[in-house]
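Novice: Below you will find the structure I want to go over with you.
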Amino acid sequence: MSLDHDFFLRVTLARRTVDCLLDTGSEVCLIPDSLVPSDKVKKTKRSLRAANGTPIPILGEAKLSLSIGNFNTVITALVLEHVSEPMLGIDFLVKNHVIWDFAESTVFIHGVPHLLSSRENKQHWCRRVVVQETTILPASSETVIPTKVQFKKVPDLSLNANWCTEIGEMIGGVQVSRTLVPHDAWCYVPVRVLNTGVSDVKLQMNMPISNLEQVEVLEPSDHRSEQVCSATGVTDQEVVPEYIEQEAQLTLWVADRTAPSHISTITRYVFERSTASTRSV
């Protein structure tokens, strides 16, 4: 589902005006914990799972008033940390006899039309990591910070899907490194950041750190070992240290996604590491 189209319904939820994503991929309504007072969250026997069966942690459930124009109802939604905006799922659509006219970007609720909208701020991300706890980054230092994963819609990717942070600058002078995020990691995911500035930086809870992109994790194999020997210039498989094999595999992976002008530099680095190591064996 591309979120550039009109999938958002503006409602009053617990006396707050919010845009809710209509998500036909979710069986239940989902609400971010930031919109629900903690004393309204109750224990529940219900659970939330991705399409591949991976459990997604929830805090509980809450009953919230919802109104659109003259229409009023109460929804029971699962409350969790891993969504950034409320989602109205299949349970809401069925209970309220919603008819969706995609061509006109309109939904009919009990026969009354309501116009849908797109996001004003169209940020292109599917998953991302945000700050788990407010953290201070000392000036000119490297820090591993705890993060949590957020998604825009209930994940429906395959069981083997893994993710990686994007290298870049999150705010002025704070650089984010590459970090592998397994498909079943949701809370306290360690991400390394570098504060290159001369002043401390305060990262507030729920501040976005990096978007996640899907990656393939390479597994060791005889075929890979042959490729490693070729990449490093080592002719005897048995003397390729494990860390060099890992770096060479990364080189092979990067080579498919890197500008040709950079590949020779990466390969030369791995070759120099392998040469120094084999001389000491």
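The values are calculated or read from the model by the stated rules, or taken from the named source; none is laboratory data. The model shown is predicted, which means the values in this text are computed figures rather than measured ones. Here the Cβ positions follow ideal geometry from the backbone for every residue, glycine too, while neighbour counts run over all protein chains shown. Quick note on the areas: whole protein, heavy atoms, side chains included, nothing else; ligands and nucleic acids left out. Shrake-Rupley method; radii C 1.70, N 1.55, O 1.52, S 1.80 Å.
Each row is one residue, and each column tells you yes or no for (1) at pLDDT below 90; (2) basic (Lys, Arg); (3) within 24 Å of Ala51 (Cβ to Cβ).
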{"residue": "Gln150", "(1), (2), (3)": "no, no, yes"}
{"residue": "Ser158", "(1), (2), (3)": "yes, no, yes"}
{"residue": "Cys164", "(1), (2), (3)": "no, no, yes"}
{"residue": "Val181", "(1), (2), (3)": "yes, no, yes"}
{"residue": "Asp184", "(1), (2), (3)": "yes, no, yes"}
{"residue": "Gln204", "(1), (2), (3)": "no, no, no"}
{"residue": "Ile209", "(1), (2), (3)": "no, no, no"}
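Novice: Okay, next question. Which one of these does Ser210 not meet: (1) open to solvent by 40 Å² or more (accessible area, probe 1.4 Å); (2) among the polar types (S, T, N, Q); (3) under 21 Å from Cys126 (Cβ atoms); (4) part of a strand (DSSP E or B)?
Specialist: (1)
Novice: Among the residues of segment 38-65 satisfying the criterion of being assigned to a loop (DSSP other than H, G, I, E, B) and touching a helix residue (DSSP H, G or I) at 6+ places or on another chain (Cβ under 9 Å), which is nearest to Arg127 (Cα to Cα)? Give the steps one after another, and end with the answer.
Specialist: At the first step, the residues of segment 38-65 found to be assigned to a loop (DSSP other than H, G, I, E, B) are 41, 43-48, 50-54, 56-59.
Those left that are additionally touching a helix residue (DSSP H, G or I) at 6+ places or on another chain (Cβ under 9 Å): 41, 59.
On the way: Val41: 25, Leu59: 20 Å.
Step by step, filter segment 38-65, then rank; the result is Leu59.
Novice: Also, I was wondering about something else. Within segment 168-207, which residues are under 19 Å from Arg127 (Cα atoms), touching a residue at least 60 places away in the same chain (Cβ under 8 Å), among the hydrophobic types (A, V, I, L, M, F, W, C) and open to solvent by less than 60 Å² (accessible area, probe 1.4 Å)?
Specialist: Within segment 168-207, Trp186, Cys187, Val189, Val191, Met207 meet the criteria.
Novice: Before we move on, is Ile56 over 20 Å from Leu116 (Cβ atoms) and touching a Ser or Thr at 6+ places or on another chain (Cβ under 9 Å)? Break it down into steps so the answer makes sense when it comes.
Specialist: Details: over 20 Å from Leu116 (Cβ atoms): yes; touching a Ser or Thr at 6+ places or on another chain (Cβ under 9 Å): yes.
Yes, satisfied.
Novice: So Lys148 ticks every box in (1) under 30 Å from Gly89 (Cβ atoms); (2) assigned to a loop (DSSP other than H, G, I, E, B); (3) out of contact with any Gly (no Cβ under 8 Å at 6 or more places or on another chain); (4) among the basic types (Lys, Arg) but one. Which box is left unticked?
Specialist: (2)
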